[in-house]
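Only one structure is covered here, and it is reproduced in the block below.
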Amino acid sequence: MRIVVSRGVGYESDLELVKKLTKEAIGELYKDDDDSEIEFYYTEFGDSSINFICRFWVDAQNAKNKLDAKSVAIRAIKTKFNANDINIPFPIRTLEFNNKLNINSPQK
């Protein structure tokens, strides 16, 4: 079965290093017996991250095996990123209020 992991990394990240670490993390887990490549593609400039997908094949028989493989892969990628100071940002929304609020003190 083909597994697809989607994620994003901070805009400050070294994108070549991100690709290398992701492919290493997957390659250490799932040896490709049939020369199937671990595919890695950047997909978009997101609001808080540069997003990518990583696709690879595993020997899985059912949906549970597929979920297990994806879960293991996500943990391995996160461990590699942590060890190399690669930021996986969460969405942040900044609100600006350009009007001044008039707050009156209560009358005594």
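Annotations for the structure displayed:
- Using alpha-carbon coordinates, inclination of helix 15-29 to the longest axis of the chain, degrees: 50 degrees
- Taking every alpha-carbon pair under 8 Å whose residues sit at least 6 apart, the range 1-77 reaches a relative contact order of 46 percent.
- Per-residue ellipticity at 222 nm, computed for the chain from helices alone with -39500 (n - 2.57) per DSSP H run of at least four residues, works out to -11500 deg cm²/dmol.
- Packing-based order for 61-67, 36-42, using average beta carbon neighbours within 10 Å, highest first: 36-42, 61-67
- For the chain, the mean projected area of the C-alpha convex hull, equal to one quarter of the hull surface, is 11.6 nm².
- Take the chain with all the other protein chains still there, run a 1.4 Å probe, and you get 76 Å² of accessible area per residue.
The values are calculated or read from the model by the stated rules, or taken from the named source; none is laboratory data. Nothing here was measured: the structure is a model prediction, and the numbers come from that model. Backbone-built Cβ (ideal geometry, glycine too); neighbour counts: all protein chains shown. To get the accessible areas, we keep the full protein, side chains included, count just its heavy atoms, and leave off ligands, DNA and RNA. Shrake-Rupley method; radii C 1.70, N 1.55, O 1.52, S 1.80 Å.
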